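S.K.: One structure is given below, represented as structure tokens, and several questions about it will come after.
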Ligand SMILES: NC(=O)c1ccc[n+]([C@@H]2O[C@H](COP(=O)([O-])OP(=O)(O)OC[C@H]3O[C@@H](n4cnc5c(N)ncnc54)[C@H](O)[C@@H]3O)[C@@H](O)[C@H]2O)c1
Ligand SMILES: [Zn+2]
Ligand SMILES: [Zn+2]
């Protein structure tokens, strides 16, 4: 019974959320479809192959998105055409321009990198129940190898999200 | 354990590496019984795929025995003889659910590299560079198989190792080319490249109802193999004008479906080849698309071209005018193995799909560098070198 009430509450919450979101979009009108002028304001998003009710109710989602150092705004909306749920987040505090330049990205200091990683991890956890791990590398490194390794280490937090 | 490692361009060595362990609940460990060379590896060995690290273990087409399973593995058990798809795919993302397995969203832990190259990352492959995940390959005594319930398939008892091995990569790749290329009853199909992938595309086209299948290469023994096992017609591109020959053989129409199974290191003759080789060396283009250009040019009006050969970046003089004006459908993909492997194993068990002829050279893992050398230069009629660790 308690579970039923909980799931009803969640569904109601989502319905309200959807309505608010639509109203917000209508209100923003053309403005909301215009391009974001500053990359730092962008929402980073993944689509999850599960209905919004399920995404909303998943405790592991909160766990991942509440990792230390992440202070995020979150938005959960249904994806069109049965494509599941769009999960979008953005940092509550806009990063400084200096934090998101190429050098910071290469150094792994761009605060959006852990956000992308968290989004991907949340998606994988929800869809498959795990986040795939890689074997650790051992042995001596060549210079080329170190460059590829560094690129690989950043790669989890980069990409088009 | 022993494994074949990439040490740099054209530099391979067999070395000791740590044994794999279960890292995720849905992993299994497979003891490798047979693992084979693939044309895709040549692109890594020749240095055309960025994102290789010295020490990376090569190999992605393999078969073996399950020796350990993680607590999240349900469908497999210890002792199962399995063939493993070269692509690692989760089975539950939108792409996997829509049978587009090589596009899996959840298997590539280093998505930024491929996303920078292609806009979005693909799924991961065993032993195929850090752009494709950075997983250890199968030219080793043991391999860790993530998402094992989805990627490893039990081999039916009547199917031998040398046959089933190619259900991992070459057979589903070729099948996909014919299937998604839209081959239907009565079609004329032309296939560029007569390696294991091209020959599988030709065999699939026949099984899917094509009336005539023409394979194109310059190695006589490969063309003979396709003639003998598939009953395909053959064409030596060094001896004739491919476009004119295809027009003549098709009553002036051109093939309905053209499948490219050559990839970014196409061999060629004439000024076009010199041009591509120079530009590729200077990295002004990352592939030599001579066979692809030819396929697009030769295809009938309104026909379909499927690109199976691997390309990583951009190419020059792409015949976009032919594509647009002739109303072609051009499509390509990395193989969606999990979609086809069960059916291919059934066909193998019924004796309707032949693959063991590709295993022209068998050897121990320690001989793998020599095996790759033979395979690369197509010496001694080598179609595939198969290693038994
Ligand atoms: N899409 C996928 O998922 C997938 C999977 C496996 C392999 N591949 C790719 O398929 C291609 C073929 O693989 P393979 O294992 O058969 O390789 P392979 O090296 O054994 O065969 C390639 C053949 O192409 C021939 N060739 C070269 N230039 C040609 C030209 N101009 N015209 C006609 N033929 C030409 C060669 O003589 C050779 O016989 C490679 O590019 C490989 O990377 C793709
Ligand atoms: Zn392959
Ligand atoms: Zn998937």
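S.K.: Here is a check on your reading of the model: is residue B:96 surrounded by 20 or more Cβ atoms within 10 Å (Cβ to Cβ), under 21 Å from the mean Cα position of the chain (by Cα), within 30 Å of residue B:350 (Cα to Cα) and at the interface with chain A (Cβ under 9 Å from one of its Cβ atoms)? Full working, then the answer.
M.R.: Working: surrounded by 20 or more Cβ atoms within 10 Å (Cβ to Cβ): yes; under 21 Å from the mean Cα position of the chain (by Cα): yes; within 30 Å of residue B:350 (Cα to Cα): yes; at the interface with chain A (Cβ under 9 Å from one of its Cβ atoms): yes.
In short, yes.
S.K.: Moving on. Select the helices (runs of 4 or more DSSP H) contained entirely in the range B:155-211, then report the ones holding at least 1 residues which are under 19 Å from residue B:228 (Cα atoms) and more than 16 Å from ligand 2 (Cβ to nearest atom).
M.R.: Details: elements: B:161-164, B:170-180, B:196-207.
Correct list: B:161-164, B:196-207.
S.K.: Here is a follow-up. Report, by residue number, each residue of the range B:250-280 that is surrounded by fewer than 22 Cβ atoms within 10 Å (Cβ to Cβ), under 24 Å from the mean Cα position of the chain (by Cα) and either in a helix (DSSP H, G or I) or within 16 Å of ligand 2 (Cβ to nearest atom) (or both).
M.R.: The answer is B:265, B:273, B:277, B:280.
S.K.: Residue B:67 - would you say it is away from every other protein chain (no Cβ under 14 Å), closer than 12 Å to residue B:142 by Cα, in a strand (DSSP E or B) and over 25 Å from the mean Cα position of the chain (by Cα)? Full working, then the answer.
M.R.: Details: away from every other protein chain (no Cβ under 14 Å): yes; closer than 12 Å to residue B:142 by Cα: yes; in a strand (DSSP E or B): yes; over 25 Å from the mean Cα position of the chain (by Cα): yes.
Yes; evaluated as a whole, the condition is true for this residue.
S.K.: Name the single residue that is nearest to residue B:368 (Cα to Cα) among those in the range B:145-182 being within 14 Å of another protein chain (Cβ to nearest Cβ) and surrounded by 24 or more Cβ atoms within 10 Å (Cβ to Cβ). Talk me through it step by step, then tell me what you get.
M.R.: Initial filter on the range B:145-182 (within 14 Å of another protein chain (Cβ to nearest Cβ)): B:145-151.
After this cut, where a residue has to be surrounded by 24 or more Cβ atoms within 10 Å (Cβ to Cβ) as well, the list is B:145-148, B:151.
On the way: B:145: 22, B:146: 25, B:147: 28, B:148: 26, B:151: 25 Å.
Across the range B:145-182, the extreme among qualifying residues is B:145.
S.K.: Mind counting the residues in the range A:109-150 that are facing chain B (nearest Cβ under 9 Å), surrounded by 20 or more Cβ atoms within 10 Å (Cβ to Cβ) and within 18 Å of residue A:52 (Cα to Cα)?
M.R.: Final tally of qualifying residues: 5.
S.K.: Looking only at residues in the range B:107-131 that are in contact (Cβ under 8 Å) with a residue 12 or more places away in the chain and facing another protein chain (nearest Cβ under 7 Å), which one is farthest from residue B:1 (Cα to Cα)? I'd like the intermediate steps shown before the answer.
M.R.: Within the range B:107-131, the first condition is being in contact (Cβ under 8 Å) with a residue 12 or more places away in the chain, and the residues that meet it are B:107-110, B:113-114, B:117, B:121-131.
Among the residues that remain, those that are also facing another protein chain (nearest Cβ under 7 Å) are: B:107, B:109-110, B:113, B:121, B:130.
On the way: B:107: 25, B:109: 24, B:110: 26, B:113: 29, B:121: 31, B:130: 22 Å.
Out of the qualifying residues, it is B:121.
S.K.: Could you go through the range B:334-343 and let me know if any residue there is modelled with pLDDT under 95, within 30 Å of residue B:143 (Cα to Cα) and away from ligand 2 (no atom under 16 Å from the Cβ). Break it down stepwise before answering.
M.R.: In the first step, residues of the range B:334-343 are kept if they are modelled with pLDDT under 95; the result is none.
Within the range B:334-343, none of the residues are modelled with pLDDT under 95, within 30 Å of residue B:143 (Cα to Cα) and away from ligand 2 (no atom under 16 Å from the Cβ).
S.K.: While we're here: Of all residues in the range B:99-110, which are buried (at least 24 other Cβ atoms within 10 Å of the Cβ) and within 16 Å of ligand 1 (Cβ to nearest atom)?
M.R.: Matches in the range B:99-110: B:101, B:102, B:104, B:107, B:108.
S.K.: Yes or no: the range B:132-139 includes at least one residue that is touching a residue at least 12 places away in the same chain (Cβ under 8 Å) and more than 14 Å from chain A (Cβ to nearest Cβ). Outline the logic, then answer.
M.R.: Applying the first criterion (touching a residue at least 12 places away in the same chain (Cβ under 8 Å)) to the range B:132-139 yields B:132-139.
In the following step, the residues that additionally are more than 14 Å from chain A (Cβ to nearest Cβ) were identified as B:139.
Yes, that holds for at least one residue.
S.K.: Moving to a separate point now. Going by the structure shown, is residue A:84 at pLDDT 90 or above, crowded, with 22+ Cβ neighbours inside 10 Å and within 9 Å of chain B (Cβ to nearest Cβ)?
M.R.: Values: at pLDDT 90 or above: yes; crowded, with 22+ Cβ neighbours inside 10 Å: yes; within 9 Å of chain B (Cβ to nearest Cβ): yes.
Considered against the rule, which asks whether it is at pLDDT 90 or above, crowded, with 22+ Cβ neighbours inside 10 Å and within 9 Å of chain B (Cβ to nearest Cβ), residue A:84 comes out as yes.
S.K.: Evaluate the following for residue B:88: is it assigned by TED's automatic domain parsing to the domain that holds residue B:138, more than 16 Å from ligand 1 (Cβ to nearest atom), touching a residue at least 60 places away in the same chain (Cβ under 8 Å) and under 25 Å from residue A:153 (Cα atoms)? Give the derivation first.
M.R.: Values: assigned by TED's automatic domain parsing to the domain that holds residue B:138: yes; more than 16 Å from ligand 1 (Cβ to nearest atom): no; touching a residue at least 60 places away in the same chain (Cβ under 8 Å): yes; under 25 Å from residue A:153 (Cα atoms): yes.
Against the criterion (assigned by TED's automatic domain parsing to the domain that holds residue B:138, more than 16 Å from ligand 1 (Cβ to nearest atom), touching a residue at least 60 places away in the same chain (Cβ under 8 Å) and under 25 Å from residue A:153 (Cα atoms)), residue B:88 does not qualify.
S.K.: Anything in the range A:84-117 that is part of a helix (DSSP H, G or I) and within 27 Å of residue A:58 (Cβ to Cβ)? List them, or say none. Even if it seems obvious, please write down each step before you answer.
M.R.: Just the residues of the range A:84-117 that are part of a helix (DSSP H, G or I), to begin with: A:97-100, A:102-107, A:112-117.
If the condition is that a residue be part of a helix (DSSP H, G or I) and within 27 Å of residue A:58 (Cβ to Cβ), then A:112, A:113, A:114, A:115, A:116, A:117 are the ones that fit.
S.K.: If you take the residues in the range B:336-389 that are in contact with a strand residue (DSSP E or B) (Cβ under 8 Å, 6 or more places away or on another chain) and without any contact (Cβ under 8 Å) to a residue 24 or more places away in the chain, which one is nearest to residue B:34 (Cα to Cα)? Steps first, answer last, please.
M.R.: Residues of the range B:336-389 that are in contact with a strand residue (DSSP E or B) (Cβ under 8 Å, 6 or more places away or on another chain), as a first pass: B:336-338, B:341-342, B:345, B:358-372, B:374-375, B:380-389.
With the extra rule that they be without any contact (Cβ under 8 Å) to a residue 24 or more places away in the chain, the set shrinks to B:367, B:370, B:374, B:380, B:382.
Working: B:367: 13, B:370: 16, B:374: 18, B:380: 21, B:382: 16 Å.
The extreme case among them is B:367.
S.K.: Across the range B:82-91, which residue is farthest from residue B:135 (Cα to Cα) among those that are in a loop (DSSP other than H, G, I, E, B) and within 13 Å of ligand 2 (Cβ to nearest atom)? Walk me through how you get there before you give the answer.
M.R.: Start the filter on the range B:82-91 by keeping residues that are in a loop (DSSP other than H, G, I, E, B), which leaves B:85-86, B:89-91.
Within this subset, residues satisfying the condition of being within 13 Å of ligand 2 (Cβ to nearest atom) are B:85-86.
Numbers: B:85: 14, B:86: 11 Å.
Result: B:85.
S.K.: Another question about this same structure. From the set of residues in the range B:297-321 that are buried (at least 23 other Cβ atoms within 10 Å of the Cβ) and outside any loop (DSSP other than H, G, I, E, B), which is nearest to the chain's Cα centre (by Cα)?
M.R.: Top of the filtered list is B:307.
S.K.: (1) within 11 Å of another protein chain (Cβ to nearest Cβ); (2) out of contact with any helix residue (DSSP H, G or I) (no Cβ under 9 Å at 6 or more places or on another chain); (3) in contact (Cβ under 8 Å) with a residue 40 or more places away in the chain: which one isn't true of residue B:53, the others all being true?
M.R.: Of (1) within 11 Å of another protein chain (Cβ to nearest Cβ); (2) out of contact with any helix residue (DSSP H, G or I) (no Cβ under 9 Å at 6 or more places or on another chain); (3) in contact (Cβ under 8 Å) with a residue 40 or more places away in the chain, only one is false for residue B:53: (2).
S.K.: Based on what the data block shows, is residue B:308 assigned by TED's automatic domain parsing to the domain that holds residue B:215, modelled with pLDDT of 90 or more and within 15 Å of residue B:175 (Cα to Cα)?
M.R.: Numbers: assigned by TED's automatic domain parsing to the domain that holds residue B:215: yes; modelled with pLDDT of 90 or more: yes; within 15 Å of residue B:175 (Cα to Cα): yes.
Yes, satisfied.
S.K.: Of the numbered conditions (1) part of a loop (DSSP other than H, G, I, E, B); (2) at pLDDT below 95; (3) closer than 24 Å to residue B:30 by Cα, residue B:79 fails exactly one; give the number of that condition.
M.R.: (2)
S.K.: Checking residue B:113 against (1) more than 24 Å from residue B:313 (Cβ to Cβ); (2) more than 16 Å from ligand 1 (Cβ to nearest atom); (3) crowded, with 24+ Cβ neighbours inside 10 Å, which single condition isn't satisfied?
M.R.: (1)
The values are calculated or read from the model by the stated rules, or taken from the named source; none is laboratory data. Because the structure is a prediction, the values reported are computed rather than measured. Counting neighbours? That spans all protein chains shown, and the Cβs are built from the backbone with ideal geometry, glycine included.
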